[in-house]
Amino acid sequence: MQEKNKLSTSQSLAGVVGKGAIWLTLNQFIFLLTSYITYVYLARKLGAELFGVYGVVISLVTVVTMVLITGTQQVVAKFVSENPSHAEFIKRKALKLQLLFSGSITVIYFFSSFIIAYLLHDKNLIPFIQLSALIILFHSLFSVFMGYFNGLKLFKQQALYTAMYHIARMILTIIFVMFGYKVFGAIGAFVLSSVLFFVACLLFVGFTKIDTEKNSNATIQNEKSNINNILIQKEVVTTKRFISFSMPIMLYIVVIYLLMNIDLFFLKSLSGAAAANLYAGYYTAAQTIARIPYFVVAALPVVLFPLVSSSSFAKNIEKTRDYIRRGLRYTLLLLLPLTAAIAATAKELLTLLYSAEYAVGAKALFILIIGMMFLGLFTLFTTYISGSDKPRISFYLASITLVFAILLNYFLVQKYSMFGSAIATTIALFLGVIITAAYVYREYRVLIELNSFLRICYATVIMYIVAYFAHFTGYLLIAEYIILGIVYLLVLYLSKEINEEDVGLVKRLIGR
């Protein structure tokens with residue numbers, strides 16, 4: 001009976017993780033599709049130099065914006081997942097704090113444009129940076145709603161709202177640039193879509209109650225709560241508790257997005273004035289492709305965070321270990337083959353998407369995509385740590401990794417330019433994975449079964465060998481990726497890494 005209950009619980013966990021991951025992976029697919037359509041269009045329409053300007057400005061504002069978005073979303077998701085009956089109160093509280101905080105950051109960022117432009121040796125960036133400041137306020141406010149959905153395990157709603165935003169941003173960008181507004185148009189589209197998406201959240205979600213009984217067995221508290229419930233709500237999420245938990249996470253997110261973009265900033269700053277924007281354009285194209293595997297697996301930490309947070313809060317160590325083991329296995333199953341396939345076809349893929357002009361970044365892409373693979377693992381491990389109510393540890397470990405990245409970029413960019421940027425980022429993130437994995441293992445004594453890890457690596461190596469000897473170009477590259485995928489899955493199946501439980505999980509998810 002005990003074994004039967006354990007199996008049932010395991011299948012239930014897989015179902016929750018799997019169903020959430022399906023919706024958020026679908027959202028990630030839409031994000032990737034719209035982002036790459038946008039970037040390919042801008043790279044071809046603007047040219048490498050102006051595309052480099054756009055890449056630098058968006059990377060700058062992304063560091064700030066994603067700090068607020070991801071940090072707030074995780075904090076709201078944590079408190080809501082721990083206290084679903086008080087979700088509405090938590091959402092209101094978070095919106096008030098976010099309006100004050102993100103509004104202040106927006107003003108500071110706007111007036112810091114002169115300093116940023118000076119550090120990057122390009123005063124022409126000032127008006128673009130100032131326009132992009134508006135993204136910070138509106139983009140960060142909707143993160144409260146997404147954290148609200150995530151904490152209640154309403155992954156479908158979270159995915160649909162976010163997907164609509166990505167689509168709107170892509171359409172507006174293409175329209176504005178098509179009408180000749182160039183870099184201003186591309187950034188303006190980002191601003192306008194952020195405003196529209198926040199307004200949509202207010203109109204269609206707002207402060208009304210949402211029936212979550214079917215999805216998470218949680219009931220949102222009636223607005224006419226009694227005095228005792230109000231006192232309980234205040235204890236659930238005081239301003240002090242909200243800030244004390246959110247600050248380490250937001251500082252951590254600052255570090256993560258600096259890790260993702262610090263190489264581009266060093267390349268822009270340390271390259272000669274004549275070639276800086278050109279190199280930035282080439283490297284932005286390489287970065288965009290290199291992040292594909294990272295973004296594909298990014299949905300899993302989003303799903304796992306409230307689950308790990310909930311199991312840790314309940315002191316259920318075995319359930320937390322199960323999340324760690326399954327999460328790492330699923331991440332590696334996706335991350336390794338995607339990295340290998342793109343690394344083996346770096347030059348061909350850059351040429352297909354951006355034109356032959358951008359093929360000079362192939363060498364950097366080959367190395368950088370390995371770094372982004374390490375970033376995906378690094379993010380997963382720190383999700384486990386933060387979800388276990390230790391966001392400060394995540395911040396400390398990420399900060400150590402950032403110090404490595406800064407030092408390596410400073411020395412290597414001056415000597416090896418774009419290639420140096422890629423090497424610096426990859427080495428730093430590799431070291432980050434080692435220290436975060438060691439910490440998780442020390443705390444929970446589990447990572448992934450060795451045999452499973454070796455089988456996944458074996459299948460990836462076989463696939464890479466096939467890719468290395470196949471030289472498809474143009475649109476035939478799509479056919480090559482299909483072949484590589486079949487080879488990879490076949491090796492996994494023959495080595496029995498893909499088992500009946502995996503097949504059954506996929507069937508259940510498809511049938512939902």
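Every number here is computed from the coordinates shown, using simple stated rules; none is lab data. This structure is a prediction, so every number in the text was calculated from the model and none was measured. All Cβ positions, even for glycine, are placed from backbone atoms using ideal geometry, and neighbour counts span all protein chains on display.
Quick check for me: using +1 on Lys/Arg Cβ and -1 on Asp/Glu Cβ, what's the dipole size of region 432-512 about its Cα centre, in debye to the nearest 20? Walk me through the numbers on the way to the answer.
Working: 7 positive and 7 negative charges, 34 e Å.
The calculation lands at about 160 debye.
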Exercise. Fewest Cβ neighbours within 10 Å first, please rank E449, E348 accordingly.
Key: E449, E348
Self-check item: Dipole in debye (nearest 20) - region 2-448, about Cα centre, beta carbon charges: Lys, Arg +1; Asp, Glu -1
Solution: 700
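Using the number of other C-beta atoms within 10 angstrom as an exposure proxy, rank M66, M164, M463 with the fewest first.
Details: M66 21, M164 16, M463 25.
Listed from fewest to most nearby Cβ atoms, that is M164, M66, M463.
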Practice problem: Beta carbons within 10 angstrom, averaged per residue: use that to sort the peptides 253-266, 464-477, 304-317, highest first. | Solution: 253-266, 304-317, 464-477
Quiz item: Considering the dipole of the chain built from charges on the beta carbon (Lys and Arg +1, Asp and Glu -1) around the Cα centre, which of G103, T460, L270 is farthest to its positive end?
Solution: G103
Exercise. Using a Förster distance of 22 angstrom, determine the FRET efficiency expected from the C-beta separation of V503 and F29, and round it to 0.05.
Key: 0.55
Quiz item: So, in nm, how far is label M247 from label I482 when the simple model puts each one 7 Å beyond its Cα toward the Cβ?
Solution: 5.5
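Taking only DSSP H segments of four or more residues, each worth -39500 (n - 2.57), what value at 222 nm results for the chain once the sum is divided by all its residues, to the nearest 500 deg cm²/dmol? Working shown, then result.
Working: 19 runs with 436 residues, N = 512.
About -30000 deg cm²/dmol.
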Exercise. Once you have the Cα-Cα distance between S495 and I465, take 0.36 nm times their residue separation minus that, and quote the gain in nm to one decimal.
Key: 9.1 nm
Quiz item: Which of F378, T331, P391 sits farthest toward the positive end of the charge dipole of region 299-414, with +1 on the Cβ of Lys and Arg and -1 on the Cβ of Asp and Glu?
Solution: P391
Practice problem: Rounded to whole Hz and in sequence order, give me ³J(HN,Hα) for region 371-379 from the Karplus expression 6.51 cos²θ - 1.76 cosθ + 1.60, θ = phi - 60°, writing x for Gly and Pro. | Solution: x, 5, 4, 5, 4, x, 5, 4, 5
Quiz item: So how far apart, in nm, are the two label points at K45 and L100 if each is 7 Å from Cα heading toward Cβ?
Solution: 4.1
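Within 10 Å, count the other beta carbons around each residue, average over each peptide in 484-497, 390-403, and list them highest first.
Numbers: 484-497: 16.6, 390-403: 19.8.
In descending order of packing, they fall as 390-403, 484-497.
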